[in-house]
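Beneath this line is the structure, given in structure tokens, with notes to follow.
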2 protein chains.
Amino acid sequence: MKEIISEIIELRKNAEVAYVGSVNEAGFPQIKCMLVPEHESMKIHYFSTNTSSKRAGQFLKNPKACVYYCDETNFAGALFTGTMEVCTDHETKAMIWRDGDEMYYPKGVDDEDYCVFKFTAETVNYYHDLSNVTLPIDQL
Amino acid sequence: MKEIISEIIELRKNAEVAYVGSVNEAGFPQIKCMLVPEHESMKIHYFSTNTSSKRAGQFLKNPKACVYYCDETNFAGALFTGTMEVCTDHETKAMIWRDGDEMYYPKGVDDEDYCVFKFTAETVNYYHDLSNVTLPIDQL
């Protein structure tokens, strides 16, 4: 189990992108590949995007979410399930802001079209080869 | 528009893997990376998996689905939204069966733990750089 937990942590820590899942108004799942701007915690995962995006609108209406980190070549994946908060406060936005983001948000950190997704995981499902396990996030 | 359509077709045709989205019983989106065994149609997409898998159980209860093909390096993605059928008939299973599948399904095509996901798309959302368009599938 210790080995599995370290594999999950490594997958999240080394990920450049994650696949973020939402549910749209008609009840259909939706997926978007997003850059991973930080790798701190297993429970809280941040992403940044446009406040005007479809995804932000979906999460405001339905916070149910998942975040999937995948190692295609080794047939391993960690699927975190939880809820997504759309943050527009200065503090969170400043924390996730990266050099170069002004290319997308010309007004800077306080650009009203820049927001941060704050994902809080409840469980993680991890598979690798034939092993497949679901853990409460507090066990990591 | 012609160029966008050919980019969508190319993304689907060249994909080795796709990200398949479902909604679990608690209403949370779920994602799984799956190998793409065929690249024929824009409307119908097939995948193979274990009949006993979580995903198969989810689609039997709730057929709402999406299939996402992503080109991470070029910031392009095609998100197909539609419904998923879990096929256990010999004809469909034989059509999708590939050499080497007996490693996973020792009883062969008619192994009861081998099934085929048949996804039927209704729409596709495609983004690349700053363009973002949603089309009915029959327009492709």
**Study point:** For chain A: relative contact order, % (alpha-carbon pairs under 8 angstrom, 6 or more apart)
**Key:** 25
**Study point:** Position B:GLU102, label points 7 Å along Cα→Cβ, spacing to each other copy in nm (shortest first, one decimal)
**Key:** 6.4
Revision key, fill the gap. Expressed to one decimal in nm², the mean projection of the alpha carbon convex hull of chain B is 8.7
Practice item. Compute the separation of the alpha-carbon centres of segment B:6-59 and segment A:15-85 and state it in Å as a whole number. Key: 17
**Study point:** Peptide ranges A:33-40, B:17-24, B:1-8, A:49-56 listed from the most packed, as the mean C-beta count within 10 angstrom indicates
**Key:** B:17-24, A:49-56, A:33-40, B:1-8
Point to revise | Average partner coverage of B:27-39, which counts Cβ from other chains inside 10 Å | key: 6
Practice item. Would you mind working out the accessible area per residue for chain A, using a 1.4 Å probe, and quoting it in Å²? Key: 49
Review point. What does the helix-only formula give at 222 nm for chain B: each DSSP H stretch with n ≥ 4 adding -39500 (n - 2.57), the total divided by the residues, and the result rounded to the nearest 500 deg cm²/dmol?
Key: -5500 deg cm²/dmol
Study note, to complete from the structure: Across the alpha-carbon set of segment A:30-70, Rg over Rh with Rh taken as the Kirkwood radius works out to 0.94
Review point. In the calculated pair distance distribution of the protein assembly as shown, what percentage of Cα-Cα distances lie above 36 Å?
Key: 14
Review point. Going down the table (A:LYS32/B:LYS2; A:LYS32/A:LYS107; B:LYS13/B:LYS43; A:LYS2/B:LYS54; A:LYS32/B:LYS118; A:LYS32/B:LYS43), which pairs top 18 Å between alpha carbons?
Key: A:LYS32/B:LYS2; A:LYS32/A:LYS107; A:LYS2/B:LYS54; A:LYS32/B:LYS118; A:LYS32/B:LYS43
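Where the only charges are on Cβ atoms (+1 Lys, Arg; -1 Asp, Glu), what is the dipole of the protein assembly as shown about its Cα centre, to the nearest 20 debye? Walk me through the numbers on the way to the answer.
Values: 26 positive and 44 negative charges, 141 e Å.
In total the dipole reaches around 680 debye.
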Check your understanding: To the nearest 10 degrees, how steeply does helix A:2-14 sit against the main Cα axis of chain A, on a 0 to 90 scale?
Key -> 30
Review point. What is the minimum Cβ-to-axis distance for chain B, in whole Å, where the axis maps B onto A, and to which residue does it belong?
Key: B:PRO29, 2
Practice item. Would you kindly work out, in nm and rounded to one decimal, the distances from the label point of A:ASP138 to those of the same position in each other copy, ordered shortest first, with label points 7 Å along Cα-to-Cβ? Key: 5.3
Review point. To the nearest whole number, what is the average tally of beta carbon atoms from other chains within 10 Å of the beta carbons of peptide A:73-83?
Key: 2
Review point. Are there GluC sites (Glu not before Pro) in segment A:76-140 that DSSP marks as loop and that have at most 13 other Cβ atoms within 10 Å, and which are they?
Key: A:GLU112
Point to revise | Qualifying trypsin sites (Lys or Arg not before Pro) for segment B:88-140 [loop in DSSP, other Cβ within 10 Å: at most 10] | key: B:ARG98, B:LYS107
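The values are calculated or read from the model by the stated rules, or taken from the named source; none is laboratory data. Predicted model only: the values in this text are computed from it and were never measured. Cβ coordinates were reconstructed from backbone atoms using ideal geometry, including for glycine residues, and neighbour counts include every protein chain displayed. For accessibility, only protein heavy atoms count, side chains too; no ligands or nucleic acids. Shrake-Rupley method; radii C 1.70, N 1.55, O 1.52, S 1.80 Å.
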